[in-house]
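Undergrad: Below is the structure I would like to discuss, written out as structure tokens.
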There are 2 protein chains.
Amino acid sequence: MKIAAVDAFYLAVPDIRPIADGTQDTFLVRIRTDTGHEGWGESDASPLVSLACYCAPPSHANIVNLRDSLLGERLEDVADLHRIRARALRRALDIQHVHHAFSAADIALWDVLGKRLDEPVWRLLDGPAARPGPKRPYASSLFGATPEETRARAAASRAAGFDAAKLGWGPLGRDGADADQALVAAARDGLGADALLLVDAGWAWGTDVETALARAASFAEHGVGWLEEPLLPDAIEAYGALAARGPAVPIAAGESSGRLRDAEDFVANGGVRVLQIDAGRIGGITPAHAARGLAERAGISYVNHTFKSHLSLAAALHAFATVDRFELLEFAVGGSALAEELVSDPLTRAGDGTVSLPDRPGLGVTVDEQVVRRFLRPVSIAVAGEELAAALQAL
Amino acid sequence: MKIAAVDAFYLAVPDIRPIADGTQDTFLVRIRTDTGHEGWGESDASPLVSLACYCAPPSHANIVNLRDSLLGERLEDVADLHRIRARALRRALDIQHVHHAFSAADIALWDVLGKRLDEPVWRLLDGPAARPGPKRPYASSLFGATPEETRARAAASRAAGFDAAKLGWGPLGRDGADADQALVAAARDGLGADALLLVDAGWAWGTDVETALARAASFAEHGVGWLEEPLLPDAIEAYGALAARGPAVPIAAGESSGRLRDAEDFVANGGVRVLQIDAGRIGGITPAHAARGLAERAGISYVNHTFKSHLSLAAALHAFATVDRFELLEFAVGGSALAEELVSDPLTRAGDGTVSLPDRPGLGVTVDEQVVRRFLRPVSIAVAGEELAAALQAL
């Protein structure tokens, strides 16, 4: 089959609020083939900037838009997918944003190829002998403004049936050691002694290794499973220095990775113990799967970062579903109606609380085009009077 | 003074050809203040994708467009510039393209601040005791399609008065060892035995360390000063392996750096001996100057990468003009009329062939608004019917 159509869609809720909630808008790519197959993918990225990468005029041999590079390409097997991917990225190599933008296309390519071959994506990635296992979802939410609010949020996650929860951002890191300790103690209290508690510091300590080390020791008293992003995403040398000091809880990081090299850098030079990858930012399932391989070879943990719809959650899970040792799954709760309703068959928790991939071809989830229409923000881009974006938003 | 207007312009020549000539289009930012001062900057990046970063609707707290973050900010001194910069990048942290896009704004901020304070940018960067020295320009051009064409191009550079020249891309790496050797031999022949010859391989050998090592040995016979980008820009581990093998000519790389961490990665883990930074891609003069500091501390060489107008060339030079040890300057020749004519007072070679910064405030070069108008491609971007780009292209 050949790629017959590449469409890109900007979706958003009516009112965007300036908070750290990434579910308020999204960027989708749909790929259709001449055989009538269709695949979908989602990026965790600025929709307008990403859409521009699909229709920008060429600048020279290394800045060619993604739609032009994808249209007409033959896609029959995994080798074709890798070839298409390498060519499109090579022709857009001087567009810094290309990995964010291409993530949705990569995911859509895996989806449509799986449907064509009647295989789930995980099997295309890991072969017929591999078996996807269930994951333990952790509820991901923000710290409350006070320890009391934090306790209530953690208790709510437990009441919703989660035996693992991550709390992050909010006031953590703002008011000193005692305040931070009180927040984490309240989270533990609300969640219960037997649950897995994870802490996301949201870059709270910049490049300050000493404070990160001290907080890790303090949080360890409350049995914290990992301390996530205590330092800025590009402070790899500080992460490395922190690792060398042997922090009392494992350090997690990597969601910011926009290229496979960034993930490699976190592992090789940042010394992280838990590699967190967003398939919607690093360039899709292909590099997420490769990053999982880095974690396997380094003997560290791998987990998804996902704060979008279950289209993104399914894509993220295919990349590491078959590795039983990577047992956790970030499972966003409380997202927008857009994120909650985009697929008509979201991943659900089984009776034992675990989450597994459905046994269906491709990604195994179905984008509801009525929901796409409901949240669509049509984009018009004209350069010197020539309309460029209209042709890639056909619904 | 306060930032009163931020405008962004997409310029291009009429016919874009699919070759590795980055002067066929460009992206400019002009910053005007309430005191009537004006600064200009240029990115080496996709103009449309970059322009979208200045007007994209917000997605959440970490995706806010650059124009909104810059407008109204107070700019009186260097501390203000760093504060403005950090805030704008922090609010756009989840836009992968932000460093490419912000490069032009960072350069414009330095330009306008220098004009306001009546100081050249280099003095704002390096203090009153520093002195900018002359640089030895090397003519940068592409290999010809044949050794004969290559010889003619190198000879033309020599005839134009350059005693240093870089040739790159074209057929290098395509037709095997003998063909590569013949190209480099022809370049040496055309340039003359006493001139400095530099070779840019344009990622020719991917991640193939052995071939890169063999070509370095082969090119060393022709007295090549450096071998640039023999491997892919994100193949840092391969660069490190190449460095560990002791290649026969120094390896140069780094122009792809889109964040300061990328430059740090090339130095710390890629083992490059010549760090090449494009101020129009890494995020402007600020991180280019920081990357220069990395090279100083590592005891390696630093040189600009510039393939745009002399607005970019001046910006690049300010970042390292005061370090005499970094003696070379990439000096693009044979670019488009757009690149050649954009500033009315380009940097010129003195009688001894060297290039120095003019003794004028700010960047020291003047953008010709008639040329901007001549090459302008007006951009219209509407999301859900709301026009976003018109307000930032006032001429």
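Undergrad: May I ask you to give the solvent-accessible area per residue for chain B, in square angstrom, as obtained with a 1.4 angstrom probe?
TA: Normalised by residue count, the accessible surface of chain B is 33 Å².
Undergrad: Just to check, using Stokes-Einstein with a Kirkwood Rh over alpha carbon pairs, what's the diffusion coefficient of the range A:156-202 at 37 °C and 0.692 mPa s in µm²/s?
TA: 298 µm²/s
Undergrad: Additional query: Restricting everything to alpha-carbon atoms, can you work out Rg to Rh for the range B:162-235 with a Kirkwood hydrodynamic radius?
TA: With Rh from the inverse mean 1/r over Cα pairs, Rg/Rh is 0.95.
Undergrad: Could I ask something else about it? Quick one: if you take sqrt(5λ) for each eigenvalue of the C-alpha gyration tensor of the protein assembly as shown, what semi-axes come out, biggest first, whole angstrom?
TA: 43, 29, 27
Undergrad: Okay, moving on. Just the number, please: percent antiparallel of the DSSP beta bridges in chain A, rounded to the nearest 5. Walk me through the numbers on the way to the answer.
TA: Numbers: 23 of 49 bridges.
Here the antiparallel bridges make up roughly 45 percent for chain A.
Undergrad: Quickly rank A:167-179, A:291-303, A:86-98 as a protection proxy: mean count of other C-beta atoms within 10 Å, highest first.
TA: A:86-98, A:291-303, A:167-179
Undergrad: Pop out a list of residues from the range B:72-111 that are at least 30 Å² less accessible with all the protein chains around than in their chain alone; 1.4 Å probe, no ligands or nucleic acids counted.
TA: B:90, B:93, B:94, B:96, B:97, B:100
Undergrad: Can you tell me which of A:212, A:195, A:159 moves the most in a GNM of chain A? Springs connect C-alpha atoms under 10 Å apart.
TA: A:159
Undergrad: I need the P(r) histogram for chain A: all alpha carbon pairs, bin width 20 Å from 0 out to the longest distance, whole percents.
TA: In order of increasing distance, the bins hold 29, 57, 14, 0 percent.
Undergrad: Tell me, rounded to the nearest percent, the portion of alpha carbon pairs in the range A:92-167 spaced more than 21 Å apart.
TA: Above the 21 Å cut-off, the range A:92-167 has 60 percent of its Cα pairs.
Undergrad: Another one. Under a 10 Å cutoff between Cα atoms, tell me which one of A:254, A:192, A:283 has the largest fluctuation in the Gaussian network model of chain A.
TA: Greatest mean-square fluctuation among the candidates belongs to A:192.
Undergrad: I've got another one for you. Please report the carbon-and-sulfur percent of the accessible area for the protein assembly as shown; probe 1.4 Å, protein heavy atoms only, DNA, RNA and ligands left out. Each step should come with its number before you reach the end.
TA: Details: 13170 of 25950 Å².
With neighbouring chains kept in place, the figure for the protein assembly as shown is 51 percent.
Undergrad: Now a separate question. For a bin width of 5 Å, list the pair-distance distribution of the range A:1-149 built from all Cα-Cα distances, rounded to whole %.
TA: Taking every Cα pair in the range A:1-149, the percentages come to 2, 9, 16, 17, 16, 14, 11, 8, 4, 2, 1, 0.
Undergrad: Report the FRET efficiency, 1/(1 + (r/R0)^6), for residue B:90 and residue A:220, where r is their Cβ-Cβ distance and R0 is 30 Å, rounded to 0.05.
TA: 0.50
Undergrad: Next up: If you add up the charges near residue A:187, with Lys and Arg at +1 and Asp and Glu at -1, over every other residue whose beta carbon is less than 9 angstrom from its beta carbon, what do you get? Can you show the working numbers first?
TA: Values: positive: A:151, A:153, A:188; negative: A:189.
In short, +2.
Undergrad: Name the residues of the range B:1-38 whose accessible area falls by at least 30 Å² when all protein chains are present instead of the chain alone, probe 1.4 Å?
TA: Relative to the lone chain, where solvent access is computed with a 1.4 Å probe, the range B:1-38 loses at least 30 Å² at B:10, B:16, B:25.
Undergrad: Where in the range B:323-366 does the label zone of residue B:118 land, with the point 7 angstrom along Cα→C-beta and an amide N cut-off under 15 Å?
TA: Output list for this probe position: B:360-362.
Undergrad: Taking the alpha-carbon centroid of each part, what is the distance from the range A:231-278 to the range B:281-303 in angstrom?
TA: Value for the Cα centre distance between the two parts: 23 Å.
Undergrad: For the interface of chains B and A, what total accessible area is buried with a 1.4 Å probe, rounded to the nearest 100 Å²? Intermediate results must be reported in sequence, preceding the final value.
TA: Numbers: alone 15150 and 15270 Å², together 25950 Å².
Interface area, both chains combined: 4500 Å², rounded to the nearest 100.
Undergrad: Measure of size requested: the Rg and Dmax of the range A:296-343, with Cα atoms as the atom set and Å as the unit; please supply both.
TA: 12.3, 39
Undergrad: Separate question: To the nearest 10 degrees, how steeply does helix A:78-91 sit against the main Cα axis of chain A, on a 0 to 90 scale?
TA: Compared with the principal axis, the helix lies near 90 degrees.
Undergrad: Another one. Take the range B:239-369, drop everything but the C-alpha atoms, weight them equally and run the Debye formula without solvent; then report log10 I(q)/I(0) at 0.12, 0.14, 0.18, 0.19 Å⁻¹ to two decimals.
TA: Reported log10 I(q)/I(0), two decimals: -0.47, -0.63, -0.97, -1.05.
Undergrad: Still on this structure, I have one more. Report residue B:354's accessible area, 1.4 Å probe, all protein chains in place, as a number in Å² to the nearest 10.
TA: Per-residue accessible area (residue B:354): approximately 30 Å².
Undergrad: Measure off 7 Å from each Cα along the Cα-to-Cβ vector at residue A:354 and residue A:159, then give the distance between these two points in nanometres to one decimal.
TA: Distance between label points: 2.8 nm.
The values are calculated or read from the model by the stated rules, or taken from the named source; none is laboratory data. Since this is a predicted model, take the numbers as computed values, not measurements. Don't worry about glycine lacking a Cβ; one is built from the backbone with ideal geometry, like all the others, and counts go over all protein chains shown. Ligands, DNA and RNA are stripped out before the accessible areas are found, and what is left, the full protein with its side chains, is counted by its heavy atoms. Shrake-Rupley method; radii C 1.70, N 1.55, O 1.52, S 1.80 Å.
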